[in-house]
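Participant: Before I ask anything, let me first share the structure, which is written out below as structure tokens.
The values are calculated or read from the model by the stated rules, or taken from the named source; none is laboratory data. Model, not experiment: these values are computed from the prediction. Counting neighbours? That spans all protein chains shown, and the Cβs are built from the backbone with ideal geometry, glycine included.
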Amino acid sequence: MIENHMQPERIPISGVLQLIKYYPYYRRTIAWYLDRAVCKQVDNIDRVYDMEKLKTMYRYLKNERECYYIKYKENGRWRLIGDISLYRGKIAVVIARPWQNRHLGRACVRALLERAKCVGCKQVEAEIYPFNLQSRKMFLSVGFVRVSEEKYVYDL
């Protein structure tokens, strides 16, 4: 939740991509966080999430941030493929590995940058681990600028 702003239920991006306001659906989302490579990209940990850690994370995101699922239509079927959140000018995104490197994250980040502008943010930050070349490349391609080893900013 962003103070004084109602979170939209849906943010359409294209005919095959949209952001959907978070709702508990752990059975589906745990799959992303059972992937050791995704956990390394996101949290710089060498272990996967268990269900309790997943629930704790989403409770925090729901209460402290605007959190959305990334919904992608492939072969006529909508699928949840990741999540993205915004809070106090900070953005975080997770895309399940089968859907990485398709420029879906870029489109979602651009959409959330528009949302950030609408709620009055002047700048958006992303924290990216130095080894996460994939995320660095994606955020730079959207227009973020590296200001320190792990900090990237986008001026709105």
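Participant: Identify all residues within the stretch 35-66 that are within 23 Å of residue 137 (Cα to Cα) and either in a helix (DSSP H, G or I) or under 12 Å from the mean Cα position of the chain (by Cα) (or both); write none if there are none.
Facilitator: As a first pass, look at the stretch 35-66 and keep what is within 23 Å of residue 137 (Cα to Cα): 35-46.
Correct list: 36, 37, 38, 39, 40, 41, 42, 43.
Participant: With the requirement that a residue be part of a helix (DSSP H, G or I) and either of a type in the set (A, V, I, L, M, F, W, C) or in contact with a strand residue (DSSP E or B) (Cβ under 8 Å, 6 or more places away or on another chain) (or both), what does the stretch 115-133 give you?
Facilitator: Residues of the stretch 115-133 that are part of a helix (DSSP H, G or I), as a first pass: 115-118, 133.
Answer for the stretch 115-133, where residues must be part of a helix (DSSP H, G or I) and either of a type in the set (A, V, I, L, M, F, W, C) or in contact with a strand residue (DSSP E or B) (Cβ under 8 Å, 6 or more places away or on another chain) (or both): 115, 116, 118, 133.
Participant: If you take the residues of the stretch 12-24 that are among the hydrophobic types (A, V, I, L, M, F, W, C) and within 13 Å of the chain's Cα centre (by Cα), which of them is surrounded by the fewest Cβ atoms within 10 Å (Cβ to Cβ)?
Facilitator: Filtering the stretch 12-24 for residues among the hydrophobic types (A, V, I, L, M, F, W, C) gives 13, 16-17, 19-20.
So of that shortlist, the ones also within 13 Å of the chain's Cα centre (by Cα) come out as 19-20.
On the way: 19: 25, 20: 17.
Once the filter is applied, the top-ranked residue is 20.
Participant: While we're here: Here's a check for you: in the stretch 109-142, which residue that is exposed (fewer than 14 other Cβ atoms within 10 Å of the Cβ) and among the small types (Gly, Ala, Ser) is modelled with the lowest pLDDT?
Facilitator: 120
Participant: Just to be sure I understand, how many residues within the stretch 143-155 are touching a Leu at 6+ places or on another chain (Cβ under 9 Å), within 18 Å of residue 86 (Cα to Cα) and either modelled with pLDDT under 95 or among the basic types (Lys, Arg) (or both)?
Facilitator: In the first step, residues of the stretch 143-155 are kept if they are touching a Leu at 6+ places or on another chain (Cβ under 9 Å); the result is 143, 146, 152, 154.
This time we only want the ones that are within 18 Å of residue 86 (Cα to Cα), so: 143, 152, 154.
Retained after the next criterion (residues that are either modelled with pLDDT under 95 or among the basic types (Lys, Arg) (or both)): none.
Qualifying residue count, the stretch 143-155: 0.
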